[in-house]
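To start, the structure itself, in structure tokens.
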Amino acid sequence: MEVRTGKTLTSLNAAELFGAKKVLFLTKKKAISSIEDDYKNFGFTFDLTVINNESAHKFIDDYDFLISDEHHRNGAFPKANKMTRFIKTNYSHLPMIFLSGTPHPESYSQIFHQFWCSKRNPFKYTTFYKWAKDFVDVKDRHLGYAVVKDYSNAKMHLIEPIIKPYMLTFTQAEAGFETKVIENILKVKMSPLTYQLAKRLSKDKFIIAQDGREIMADTAVKEMQKLHQIFSGTVLFEDKSNRIFDLSKAEFVSSHFGNSKLGIFYKFKAEYEALKQVYGDSLTNDLDDFNATDSILLCRS
């Protein structure tokens, strides 16, 4: 369902209609208070625990219904991430609702583990690799140091008929939105280093920095992610450390918009730090602070 079309209330009301008594709602930390407000304002009768994914292990309990917000975060492949394994281990027996505006933003291969965490999984495969034999056009990718398997080219025409009965879609137009969003795309000229790094990564799929830290793009999805990072002027290395090497985007936003009231969506943690370097203390993550002052609002997309 598209943004602002009522995913939260739809899922809470579904839990009420189902007859749930004790519901676990997994979400992002910043969304907790909003979800709790919706729960209180609409008078639902079940008990609700709202917790961010990273703290879910502290609240293991005897729930009878689970709602997983931003569920595409559980779509890592070919191996399931830690949170997906946690949900499968502790709650796979529960009825579940998965919420997302972008269930497969980079590849249909991201679908498998999102369903795999439930015992009601419509794909009757125990592992991603077994599933991939039937649903992915697996290709070899030749890197400078090895040949690796690329599992990103999933067969959409085979997957969609299986998942369609489990999917509810809803657009802003269907929800009665009359406000028209006008998009203006602004192009930013980055530093020469940014283009050099992107070109080299696209060619070699592997970069070693002067300090020995590594950047790898051994799958099509990972290459897309790394190029996205690089063109933001930042990069996340394989050891989970990051580096800001080009402030062009942050400086462009500052010079182009000046002191205008502004909300900025960012994707990577290092992007936030880059914006902080340019804007300093005029940034805020708090909506109330943004509304009451001249601060610029930063939101993680």
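In segment 273-283, which residue that is crowded, with 17+ Cβ neighbours inside 10 Å and over 18 Å from Met190 (Cβ atoms) is modelled with the lowest pLDDT?
Leu283
Out of the residues in segment 1-22 that are modelled with pLDDT of 95 or more, assigned to a loop (DSSP other than H, G, I, E, B) and touching a Phe, Trp or Tyr at 6+ places or on another chain (Cβ under 7 Å), which is surrounded by the fewest Cβ atoms within 10 Å (Cβ to Cβ)?
Of everything passing the filter in segment 1-22, Lys21 is surrounded by the fewest Cβ atoms within 10 Å (Cβ to Cβ).
Going residue by residue through segment 286-295, is there one that turns out to be in contact with a strand residue (DSSP E or B) (Cβ under 9 Å, 6 or more places away or on another chain), modelled with pLDDT of 85 or more and not in a loop (DSSP other than H, G, I, E, B)?
Looking through segment 286-295, none of the residues is in contact with a strand residue (DSSP E or B) (Cβ under 9 Å, 6 or more places away or on another chain), modelled with pLDDT of 85 or more and not in a loop (DSSP other than H, G, I, E, B).
Tell me which of these Asn53 doesn't satisfy, since it passes every other one: (1) within 14 Å of the chain's Cα centre (by Cα); (2) touching a residue at least 40 places away in the same chain (Cβ under 8 Å).
For Asn53, the failing item is (2).
With the requirement that a residue be within 22 Å of Pro105 (Cα to Cα) and in contact with a Phe, Trp or Tyr (Cβ under 6 Å, 6 or more places away or on another chain), what does segment 23-36 give you?
Scanning segment 23-36 gives no hits.
Across segment 23-71, which residue is farthest from Leu287 (Cα to Cα) among those that are of a type in the set (Phe, Trp, Tyr) and part of a strand (DSSP E or B)?
Of everything passing the filter in segment 23-71, Phe65 is farthest from Leu287 (Cα to Cα).
Mind telling me which of the residues Lys29, Lys21 ends up being free of Cβ contacts under 8 Å to residues at least 40 places away in the same chain and among the charged types (D, E, K, R)?
Lys29
Return yes when Gln196 is surrounded by fewer than 16 Cβ atoms within 10 Å (Cβ to Cβ), at pLDDT 95 or above and either not β-branched (Val, Ile, Thr) or not in a helix (DSSP H, G or I) (or both) and no when it is not.
The answer is yes for Gln196.
Condition test on Ile111, is it within 21 Å of Met156 (Cα to Cα), within 17 Å of the chain's Cα centre (by Cα) and of a type in the set (Val, Ile, Thr)?
yes
Of all residues in segment 121-156 being modelled with pLDDT of 95 or more and of a type in the set (D, E, K, R), which is farthest from Pro95 (Cα to Cα)?
Going through the qualifying residues, I end up with Asp137.
Do any helices (runs of 4 or more DSSP H) lying entirely in segment 75-170 carry at least 2 residues that are free of Cβ contacts under 8 Å to residues at least 12 places away in the same chain and closer than 28 Å to Glu54 by Cβ, and which ones are they?
The helices (runs of 4 or more DSSP H) meeting that bar are 82-91.
Every residue in segment 138-193 that is loosely packed, with under 12 Cβ neighbours inside 10 Å, touching an Asp or Glu at 6+ places or on another chain (Cβ under 6 Å) and of a type outside the set (S, T, N, Q), please.
Gly144, Val147
Could you tell me whether Phe77 is at pLDDT below 95, of a type in the set (Phe, Trp, Tyr), surrounded by fewer than 16 Cβ atoms within 10 Å (Cβ to Cβ) and out of contact with any Pro (no Cβ under 9 Å at 6 or more places or on another chain)?
No: the conditions fail for Phe77.
The values are calculated or read from the model by the stated rules, or taken from the named source; none is laboratory data. Keep in mind it's a predicted model, so treat the numbers as computed, not measured. FYI the Cβ positions are ideal-geometry reconstructions off the backbone, even for glycines, and counts take in every protein chain you see.
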